[in-house]
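Visitor: To start, I am sharing the structure in question, which I have written as structure tokens.
What follows is calculated from the coordinates using simple rules that are stated; it is not laboratory data. Note that the structure is a prediction, hence the values are computed from the model and not measured.
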Amino acid sequence: MQTTKVGIREFRENLADYLESKTPVAITRHGATIGIYVPTKPKPSQADLEALRVAGEKMQELIAAAGTTDDEILADFKARRRERRAKQD
């Protein structure tokens, strides 16, 4: 992952921008790195959670309409994963 390197003064002056950044920021003093800010994922919004819930309900409807069970889906997933791993070896 790419890291942005900035001086401590610039980091302080533009703190809000760096806090919104998606890439790590190496903070330097006189050219030496004194710390690294690593951003984390923000908490999902209520709208994101609602969209996920609706998508899950739709997926359940599609699975039911296809006449497939959770056990069949899990077995198929495991078989595909085994096949993929076998190809990698």
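Visitor: Run down the lysines and flag those whose C-alpha is under 23 Å from the C-alpha of LYS43, throwing out any fewer than 8 positions away in its chain.
Guide: In chain and number order, the partners are LYS22.
Visitor: How would you classify segment 1-85 from its alpha-carbon gyration tensor, with a ≥ b ≥ c the square roots of the eigenvalues: rounded for a/c under 1.5, else prolate if a/b is greater than b/c, otherwise oblate?
Guide: Oblate.
Visitor: On C-alpha positions alone, give me the angle between the axis of helix 70-88 and the longest principal axis of the chain, in degrees, nearest 10.
Guide: Approximately 60 degrees, to the nearest 10.
Visitor: Ordered by residue, what ³J(HN,Hα) values in Hz, to whole numbers, does segment 4-12 give under the Karplus form 6.51 cos²θ - 1.76 cosθ + 1.60, where θ = phi - 60° and Gly and Pro are x?
Guide: So the Karplus estimates, Gly and Pro as x, are 8, 10, 9, x, 4, 5, 5, 4, 4 Hz.
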